Each structure stands twice: as structure tokens, then as C-alpha cells.
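Below: one structure, written as C-alpha cells.
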Amino acid sequence: MALVLVSLCLFAVIFLYFKNNPLNHSRKFMVRRFMNWFPLGMTYAFLYMGRYNLAVSKNALGDMMTKEQFGLIFAAGTITYGFSFLLNGPLVDKIGGKKGIIIAALGSALMNLLMGGVTYLYLIGRLKTNMVLAMSVLFALNMFFQSYGAVSIIKIKAYWFHVRERGVFGAIFGTLISFGVYFAFDWGQAIVDASTLTSKGEPSAFRNFIQHIFAIDTGVTDATWLVFTIPAFLLVCWALIDMVLLKDSPKDANFDDFDTADASSDDPQMNDDKLKISIGFMLKKIFTNPVMITIALVDFTSGVIRNGIMQWYLVFAKETQNTNEAFFHGSEFFMKNWGLLLCLTGIIGGFLAGTVSDRFFQSRRGPPAAINNIVMVVLLIIMTITLMNNPTIFGTAAVLMTLAVIGVHSLMSGTAAADFGGKKMTATASGIVDGCVYLGSGLQSLAIGYLSHKNWVYWPLFLIPFAIMGAWLSFRMWKELPEATKKYILKQEQAELQAQQGVTNGSPATSN
């Protein structure tokens with residue numbers, strides 16, 4: 001049933017993509033662009049599976065990986081991810097998004113294979129080094145390669161999508177993230193369940209396949225390592241598809257390039273093909289732009305909140321179930337369908353935010369981001385109040401948090417960074433913004449891993465100030481748009497006004 005719902009969502013996303021064509025691109029162009037973003041997006045979704053499978057493995061390993069150890073490993077990866085953009089963002093601007101996404105997929109696949117190997121050796125008692133140290137190093141390297149993914153997808157998007165289309169693409173970006181979360185948590189949990197010797201429930205074809213192919217029915221040990229190795233195999237498959245189908249720009253696919261009306265369009269330096277754009281030049285342009293700094297700070301707060309919810313709910317629920325029988329019944333639905341619920345609400349949140357931005361705020365990203373942050377403040381207060389006494393309301397609020405925070409993240413990292421960075425510096429700009437997301441994630445990983453050991457009530461309380469900060473920062477950029485976008489909108493409004501005047505005056509133009 002879950003797979004059917006996700007498939008329906010995917011078809012709905014594809015339908016909305018073809019439905020949204022404000023620039024009246026040709027059908028041939030729309031189809032070719034779909035052939036570009038779909039494999040690119042699915043690669044990114046499976047990168048997420050190869051990222052959050054660590055959280056699934058933590059629950060599978062139980063006391064063999066404590067909350068504090070999990071927090072340290074995850075923090076090592078997310079902090080590495082955050083700082084790696086200073087290198088990877090400018091590099092992808094030089095080499096292009098196609099090479100970047102292939103590096104991401106193959107590099108992450110290799111690291112996941114190695115993490116699977118460490119887990120296997122640990123389970124059979126042959127690991128000769130400290131597991132936390134080994135997993136921290138490998139997960140950090142995994143996240144280093146993963147950081148190529150986000151900047152690559154946005155780099156390619158910047159050449160293929162006009163600013164007035166990017167709100168909807170931001171929604172597509174949020175949808176791909178949501179698919180990745182579903183793959184990581186629900187498919188990952190299915191892999192764990194199928195590879196566990198004491199699996200409960202009805203036998204399935206997948207479980208029989210896993211247990212016989214990998215011979216875990218011999219009674220030696222669980223095959224938890226498969227939660228790392230299977231995503232690695234899938235990433236290699238998508239990397240091979242990307243090599244064939246991906247193109248960095250319309251020109252590479254035998255179409256004419258077009259003015260996307262982002263920050264590059266109105267910057268003489270960015271339009272000078274003879275000018276060599278150095279890493280220092282790009283970093284200076286971004287770090288001296290107050291709007292870019294605001295976008296990065298908004299996404300920092302979203303990183304704290306997004307992973308603060310996705311990463312810790314299952315840990316909290318499983319731990320609380322062991323001490324509170326009433327909590328078990330109220331949280332069972334959320335635990336069983338966590339990935340699916342995050343996927344569905346993330347898709348809705350991404351499309352709501354993107355559509356509202358393009359349709360009601362002239363592609364301004366600040367207003368819907370501010371609205372979503374206010375919603376998160378309310379939901380976090382509800383979570384604090386219902387933490388231990390109403391698991392149904394608490395779980396619902398946690399899921400709805402994803403709807404709001406994916407909306408903010410898809411607008412900031414997936415859209416606003418490209419708008420204000422411009423297509424020539426998209427990877428650098430979006431990389432710095434996305435890096436701030438994972439610096440925020442690293443902060444929450446260390447803090448909540450420590451605070452939850454004392455009392456779980458500190459978990460939602462810790463997140464509230466960041467939602468308030470996100471709302472304040474979003475309000476500060478309420479009216480912001482790139483100058484080229486303002487000119488484009490003004491030109492469109494003037495054309496519409498002239499057309500209306502022509503109709504009013506009975507102009508012959510009305511026959512057209």
C-alpha cells in the first residue's frame with residue numbers, strides 16, 4: 001500500500017511538472033528536461049537513502065550503538081558535509097553538475113560498502129578497531145561525497161529552469177528529498193527486518209530473497225550490514241544511468257540556452273565569457289551579499305529542526321516504548337510508517353511552499369518560509385506539551401513539522417540560493433547554504449544526543465528558538481528578489497496591461 005501511495009505521488013509530481021509551463025516551452029523541450037531531472041532526482045533520493053540508513057542501523061543495533069555514539073557519528077558526518085561545500089561548490093561550478101552527481105553517487109556507494117563491512121565485522125566479533133571511530137571516519141567521508149549531490153542537482157537546475165519556474169522545481173526538489181527519506185526509513189527498515197534472524201510477521205518474497213541469497217538463515221548473525229550495501233548497489237545503477245542521460249545545459253542537449261532571469265543575468269561580470277571566475281571571486285560575491293547570508297542562516301535553522309525531528313523521533317519512540325506501555329499503542333502507527341509519513345508530508349510541504357511562492361508572492365521565497373517557520377513554532381509547543389501524555393498528537397505534530405521544514409529547505413537551498421547566486425555560481429551559493437543546513441544538523445546531533453540522555457523534554461524545547469530565529473530571518477527577506485527577476489516581472493506586467501488596454505479599446509490585436 002505504501003509503495004502504491006508513493007508511486008501515485010511520483011505520477012502527480014510528473015503531471016504537475018508538465019502542467020506548469022509559464023514560459024511556454026516546446027513539448028520537445030519539456031520532455032527532454034524531464035529526462036534530465038528525473039534520473040538526476042532519483043539519484044539524489046537514493047543518496048538520501050545512503051545517508052539516513054545510519055539512523056535505521058542505530059535502532060537495529062540497539063544498545064550496541066548508544067544515543068551518544070550515534071550523535072557523535074552523525075555529527076562527524078554532518079559537520080564534514082557542511083564545510084566540504086567550500087571546496088565542492090566551486091569545483092562543481094567548474095566541472096558541471098553531471099560530473100558532480102556521478103562523483104556523489106559513486107563515492108557514497110563506496111563509503112556505504114565500507115560501512116557495511118565494518119558493521120559485518122562488528123557483528124561477528126572480528127572488528128579490531130573502535131566501531132565509533134571507524135564509523136565516524138567512514139560516515140564523514142560518505143557525507144563529503146554526498147555534498148556533491150545537492151550542489152550538482154541545483155547547478156543543472158539553474159540552466160534548465162527560469163526563476164519563475166523554480167518555485168515548482170523547489171517543490172520537486174523537496175519531493176525528491178521526501179522520496180529519499182521514505183527509501184531510507186521504510187525501505188531501510190524492510191531490509192533490516194528481512195535480514196534479522198528473529199524477524200516477526202508474515203514471511204514475504206523480499207524476506208525470503210534476502211535470507212537465502214545472503215545465507216542469514218544459518219543462525220550465525222543478523223545481516224544488518226545490508227542496510228548499507230543495498231543502497232550502495234542502487235547508487236551505482238543510477239550513476240550509470242546519469243552517465244547516459246544527463247546534460248548540464250539545454251545547449252548540451254541541442255536546444256538554445258535561454259535567459260533564466262536570476263542574479264547572473266544582471267551582472268556584467270557574470271556575463272563576461274572572457275573573465276575567469278576564481279574560487280575567491282565567487283566566495284567574496286556570496287559572503288558580501290546580505291541576502292545570501294540571510295538565506296544561509298534561515299537554512300541553518302531549518303537544518304537544526306529538520307534533522308532534529310527526522311533523526312530522533314524513532315530513537316525517542318523506541319526508547320519510550322520500553323518504559324511506557326501506553327505510549328507503545330499511540331506511537332506504533334508512526335513508527336511503522338515513519339518514512340512514508342515523512343515522504344507524503346514532505347511532498348505536500350514542498351509543493352505548497354513552491355506554489356505559494358510563484359503564484360502569490362511573485363517568486364519571492366521569504367514569505368512562505370516565514371509562514372512555515374511560524375507553523376513550526378506552534379507545532380513544537382504542541383510537541384513539548386504532549387511529549388509523554390499523548391503519543392498520537394505528539395506523533396502527528398512531529399510529522400507535520402516535516403511538511404513545514406521541507407517547505408523552508410526546498411525554498412532556501414533548492415531555489416533562493418540559485419536565484420541570488422546566479423547560474424554561474426549556483427553550486428557555490430547553494431553549497432554554502434546547504435552547508436549551513438548540515439552545520440545546524442551537526443549542532444543538533446551533538447546537543448540532542450546529550451540533552452535527551454538527561455530528559456527527552458529538552459528535545460523539542462531545544463528546537464523552538466531556532467524556529468523563531470528562522471521566522472525572524474525570513475521576514476527580513478520578505479520583499480527580496482534578484483534585480484533581473486524584478487525587471488522580468490515588470491516587463492510581463494506591462495505586456496499584460498497593454499493587452500488589456502487593447503481589449504478595452506477594441507484594438508485589432510484582440511483577434512489574435
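Side notes on the structure shown:
- Site pair Phe34 and Ile393 shows an inter-label distance of 4.5 nm when each label is modelled 7 Å from Cα along Cα→Cβ.
- Structure-based [θ]222 nm, the chain - -39500 (n - 2.57) summed over DSSP H runs of at least 4, per residue, nearest 500: -25500 deg cm²/dmol
- Dipole magnitude of the chain, debye to nearest 20 (Cβ charges: Lys/Arg +1, Asp/Glu -1, about Cα centre): 640
- Ordered by the number of other Cβ atoms lying within 10 Å of each residue's own Cβ, fewest first, Cys9, Cys343, Cys436, Cys237 fall into the sequence Cys237, Cys9, Cys436, Cys343.
- With the convex hull of its Cα atoms as the shape, the stretch 337-419 has an orientation-averaged projected area of 5.4 nm².
- Part-to-part distance (alpha-carbon centres) for the stretch 283-309 and the stretch 329-393, which is given in Å: 20
- P(r) of the stretch 1-142 over all Cα-Cα pairs, binned every 5 Å from zero, in whole percent: 2, 8, 14, 17, 15, 13, 13, 9, 5, 3, 2, 1, 0
- Take the convex hull of the alpha carbons in the stretch 115-191; its mean projected area over all directions comes to 6.5 nm².
- The chain, relative contact order [Cα under 8 Å, separation at least 6], %: 25
- Taking every C-alpha pair closer than 8 Å and separated by at least 6 residues, the mean separation divided by the residue count of the stretch 355-512 gives a relative contact order of 33 percent.
- Value of relative contact order over the stretch 1-134, rounded to a whole percent, pairs C-alpha under 8 Å and six or more apart: 26
- Radius ratio Rg over Rh of the stretch 363-512, counting only Cα atoms, Kirkwood formula for Rh: 1.19
- Rounded FRET efficiency, nearest 0.05, which uses the C-beta distance separating Ile241 from Asn24 and R0 of 35 Å: 0.75
- Among the DSSP helices (H) of the chain, those spanning at least 15 angstrom by Cα along their long axis with an average Kyte-Doolittle hydropathy of 1.6 or more are 2-19, 226-245, 366-386, 391-411; this is a geometric and hydropathy rule only.
- √(5λ) per eigenvalue of the Cα gyration tensor, the stretch 307-450, largest first, Å: 32, 17, 12
- Label-reachable residues, the stretch 340-369, where backbone N falls under 18 Å from a point 7 Å from Gln492's Cα toward its Cβ: 352-368
- Using only alpha carbons, the chain has a radius of gyration to Kirkwood radius ratio (Rg to Rh) of 0.99.
Every read-out reported here was derived from the displayed coordinates using simple, explicitly stated rules and does not represent laboratory data. In this text the structure is predicted, and so the values were computed from the model without any measurement. Glycine gets a Cβ as well: all are built from the backbone with ideal geometry, and neighbour counts include every protein chain shown.
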